Structures are given as structure tokens and as C-alpha cells.
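Report on one structure; see the data block that follows.
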Amino acid sequence: MTDSLFFFFGFGSIFFGLKISEDVHQIALLVTGFICLVWGFAMSSVLLQLLLMIFLAGFLRLSH
């Protein structure tokens, strides 16, 4: 449960960090979002970690 909260908070911080125009606040939100995403990923179950890695591998393969 808490891992999904960290994921949502991380994605929200990154989303707002990309939308804001002030440099200092943008960097602070992006760093906070990245830390929350990494923390949420580390706290998630092994099954969710594998699904996310497969999704990212497929996404990276399609983007090239």
C-alpha cells in the first residue's frame, strides 16, 4: 500500500516539476519525485518490480 503512495507522489511531483517555470522549484520537485519513485520501487513486491522492468524494457525497445 505505501509503495503505491510513493509511486503516485513521485509521479505527481515529476508532473508538477515539469510544468512549473521556476528553476529552483522545478529541480526540487524533480529530485523529490525521483527519490519517491526509487523508494516506492524498492518497497514494492518482486512481482510488481518484474512487471515494471518488463514494461520499461518493452517501452525502450519501441522507442528506438
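What the table shows:
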{"read-out": "Mean Cβ neighbour count within 10 Å, used as a protection proxy, ranking 2-8, 54-60 highest first", "value": "2-8, 54-60"}
{"read-out": "Per-pair calculated FRET efficiency, R0 = 22 Å: LEU60 and TRP39 via Cβ, rounded to 0.05", "value": "0.50"}
{"read-out": "Per-residue Cβ neighbour rank within 10 angstrom, fewest leading, VAL24, VAL31", "value": "VAL24, VAL31"}
{"read-out": "Which of PHE34, PHE9 has the fewest Cβ neighbours within 10 Å, and the rest in rising order", "value": "PHE34, PHE9"}
{"read-out": "Per-residue ³J(HN,Hα) for segment 12-24, Karplus 6.51 cos²θ - 1.76 cosθ + 1.60, θ = phi - 60°, Hz, x for Gly and Pro", "value": "x, 5, 5, 4, 5, x, 6, 8, 6, 9, 7, 5, 5"}
{"read-out": "Bins of 5 Å, starting at 0 and running to the largest distance - Cα pair percent for the chain", "value": "4, 19, 19, 19, 19, 13, 6, 1"}
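We did not get these values from a lab; they are worked out from the coordinates using the rules stated. This one's a predicted model, so the numbers in the text were calculated from it and none came from an experiment. Note that each Cβ is placed from the backbone with ideal geometry, even for glycine, and that neighbours are counted across all protein chains shown.
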